[in-house]
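Accompanying notes for the structure given below.
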Amino acid sequence: MPLTKNNYLSLLTTVGLLLLVSSCQLGPEVIHDLSDESYEVLDQDSSSVTFPENFKDEILVISYIYTNCPDICPTLSAKLGNVEEELGNDSEVHFVEITFDPRRDTPSVLKKYMETFGHNPDRFTMITGDSTTVDSLLNDLDIVAELADGESLDENYVINHTNRISIMDKQGRVRYEYPGTAVPEEHLIEDIESLR
Amino acid sequence: MIRFWTIFFGLLIISACSGRKSDSQNPSDRELTGQIELEDQWARPGSAGGNSAGYLTIFNGTRQDQVIDGLQTDQANTTELHESFEENGQSGMRPTPNMTIRSGDSLVLEPGSFHIMFMDIENNWDTGDSIQVILTFSETGSVQTTLPIKNFPDD
């Protein structure tokens, strides 16, 4: 059957609409899928946490820190605090800070760090645990942390690390990643909204 | 036409070569006061034995270029000028000793950039506390300043 001008226009419109609908349904692509993973870690109160299962049905805003980091990590923690404040008492969004220095960042150390930033314990969870599990979790999230040149674990060491904030959807899938110190807070809020 | 491009590239080269070489940032039009001026001081909270960072702006209001020869506080075992950097997606810090601030320039120490690195601090530094820091400059000697402990610069 020859393709008439009208048929051609109808076909084009249909394809266009299908593309539009499909792009709306897809949203941002899945960067890391932890929906079938289960990491047994500890929070700031030394309570067991199964990550990400315990946060199912919540959008997670995640930063990666160590408390002996004097400059970059506090900037990330402050940024998460500001976003939490901006969102108000939003039970759909939870904030998680995962340490890549579980050796020093015990639950009590993380609790004090969290209090320093005035983080709301209902909205924030600090994650530590045994090194193997934490390393595995970080590795699956593509977070790299290594001792800075010339540093050893015997000293008051500093760590070179990925500078990142991630947003995980309610199914445990990372959908957004940003350079942590650079991303504007408004941008984070906009992307959180897109996952509701 | 050839003459135009010759002049254009000539000016470009002259302009590129005439830039002053300095570690410091933010050359300003501020009047020289004959003094080193310190502003916007603050430091982050920290736990005993851990690390913290201090921030401030240093304006070199003297007529000489000044090298930061040293930083000292009795509240930490090691105090150094550091710079945060990002390379290949990794963030880290490195010492930046002997920074020069040209006459009339300011060096801004701020989060994610240059900062005073305090290592192995003596006691807990909590918001509301303050610490004393001595900065030593090559031409004019030492200046003591107070850094209030805050979570955010505007607190």
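The values are calculated or read from the model by the stated rules, or taken from the named source; none is laboratory data. Because the structure is predicted, anything quoted here is derived from the model rather than measured. As a convention, Cβ positions derive from the backbone with ideal geometry for all residues, glycine included, and neighbour counts pool all protein chains shown.
So how many residues does region A:48-63 have that are surrounded by 18 or more Cβ atoms within 10 Å (Cβ to Cβ) and out of contact with any Phe, Trp or Tyr (no Cβ under 6 Å at 6 or more places or on another chain)? Give the derivation first.
Taking region A:48-63 as the starting set, the residues that turn out to be surrounded by 18 or more Cβ atoms within 10 Å (Cβ to Cβ) are A:49, A:51-52, A:55, A:58-63.
From the residues that got through so far, the ones that are out of contact with any Phe, Trp or Tyr (no Cβ under 6 Å at 6 or more places or on another chain) too are A:49, A:52, A:55, A:58-60, A:62-63.
The number of residues fulfilling the criteria is 8.
Yes or no: A:Ile98 touching a Phe, Trp or Tyr at 6+ places or on another chain (Cβ under 6 Å), modelled with pLDDT of 95 or more and within 26 Å of A:Leu195 (Cβ to Cβ)?
yes
In the set B:Gln66, B:Gln35, which member is at pLDDT 95 or above, surrounded by 17 or more Cβ atoms within 10 Å (Cβ to Cβ) and among the polar types (S, T, N, Q)?
Working: B:Gln35 fails: surrounded by 17 or more Cβ atoms within 10 Å (Cβ to Cβ).
Just a single option satisfies the conditions, and that option is B:Gln66.
Can you pull out the residues in region A:98-137 that are farther than 24 Å from A:His32 by Cβ and polar (S, T, N, Q)?
A:Thr106, A:Ser108, A:Thr116, A:Asn120
Give region B:115-146 a look and list any residue that's aromatic (Phe, Trp, Tyr), at pLDDT 95 or above and more than 13 Å from B:Ile68 (Cα to Cα), or say none.
Let us first name the residues in region B:115-146 that are aromatic (Phe, Trp, Tyr), namely B:118, B:125, B:137.
Now narrow it down to the ones that are at pLDDT 95 or above: B:118, B:137.
Scanning region B:115-146 gives a single hit, B:Phe118.
Can you name the residue in region B:89-110 that is closer than 18 Å to A:Val158 by Cα and among the polar types (S, T, N, Q) and is also farthest from the other protein chains (Cβ to nearest Cβ) among such residues?
Step by step, filter region B:89-110, then rank; the result is B:Thr96.
Looking at B:Asp126, B:Asp69 in this structure, which one is facing chain A (nearest Cβ under 9 Å), among the charged types (D, E, K, R) and either touching a strand residue (DSSP E or B) at 6+ places or on another chain (Cβ under 9 Å) or farther than 26 Å from A:Val144 by Cα (or both)?
From the options B:Asp126, B:Asp69, the qualifying one is B:Asp126.
Looking at B:Thr140, B:Thr146, B:Thr79 in this structure, which one is touching a residue at least 24 places away in the same chain (Cβ under 8 Å), crowded, with 16+ Cβ neighbours inside 10 Å and not hydrophobic (A, V, I, L, M, F, W, C)?
That would be B:Thr79, the only listed residue that is touching a residue at least 24 places away in the same chain (Cβ under 8 Å), crowded, with 16+ Cβ neighbours inside 10 Å and not hydrophobic (A, V, I, L, M, F, W, C).
Going through B:Ile101, B:Ile134, B:Ile116 one at a time, which residue ends up being of a type in the set (A, V, I, L, M) and within 16 Å of B:Gly50 (Cα to Cα)? Quick ask: steps written out before the conclusion?
On the way: B:Ile101 fails: within 16 Å of B:Gly50 (Cα to Cα); B:Ile134 fails: within 16 Å of B:Gly50 (Cα to Cα).
Among B:Ile101, B:Ile134, B:Ile116, only B:Ile116 is of a type in the set (A, V, I, L, M) and within 16 Å of B:Gly50 (Cα to Cα).
Is it true that some residue in region A:131-140 is farther than 21 Å from B:Arg44 by Cα, of a type outside the set (Ser, Thr, Tyr), more than 13 Å from chain B (Cβ to nearest Cβ) and in contact with a Lys or Arg (Cβ under 7 Å, 6 or more places away or on another chain)?
Looking for residues that are farther than 21 Å from B:Arg44 by Cα, of a type outside the set (Ser, Thr, Tyr), more than 13 Å from chain B (Cβ to nearest Cβ) and in contact with a Lys or Arg (Cβ under 7 Å, 6 or more places away or on another chain), one finds none in region A:131-140, hence no.
Inside region A:87-102, can you point out the residues that are surrounded by 13 or more Cβ atoms within 10 Å (Cβ to Cβ) and not hydroxyl-bearing (Ser, Thr, Tyr)?
A:Leu87, A:Asp90, A:Val93, A:His94, A:Phe95, A:Val96, A:Glu97, A:Ile98, A:Phe100, A:Asp101, A:Pro102
Pull up region A:145-174, narrow it to residues that are farther than 19 Å from A:Leu80 by Cβ, small (Gly, Ala, Ser) and out of contact with any Lys or Arg (no Cβ under 9 Å at 6 or more places or on another chain), then point me to the one that is farthest from the other protein chains (Cβ to nearest Cβ).
A:Ser152
Report those strands (runs of 3 or more DSSP E) wholly inside region A:122-196 carrying at least 3 residues which are more than 17 Å from B:Met93 (Cα to Cα).
Those strands (runs of 3 or more DSSP E) span A:124-127, A:164-168, A:173-179.
Checking B:Gly50 against (1) at the interface with another protein chain (Cβ under 9 Å from one of its Cβ atoms); (2) part of a strand (DSSP E or B): exactly one of these is not met. Which one?
For B:Gly50, the exception is condition (2).
Kindly list the number of the only condition in (1) touching an Asp or Glu at 6+ places or on another chain (Cβ under 6 Å); (2) at pLDDT 95 or above that fails for A:Tyr157.
That leaves (2) as the condition not met.
Taking region A:67-91 on its own, how many of its residues are part of a loop (DSSP other than H, G, I, E, B) and either within 8 Å of chain B (Cβ to nearest Cβ) or hydroxyl-bearing (Ser, Thr, Tyr) (or both)?
The number of residues fulfilling the criteria is 6.
Please give the number of the condition A:Glu177 fails out of (1) within 12 Å of chain B (Cβ to nearest Cβ); (2) more than 18 Å from A:Ile59 (Cα to Cα); (3) of a type in the set (Asp, Glu).
Every listed condition holds for A:Glu177 apart from (2).
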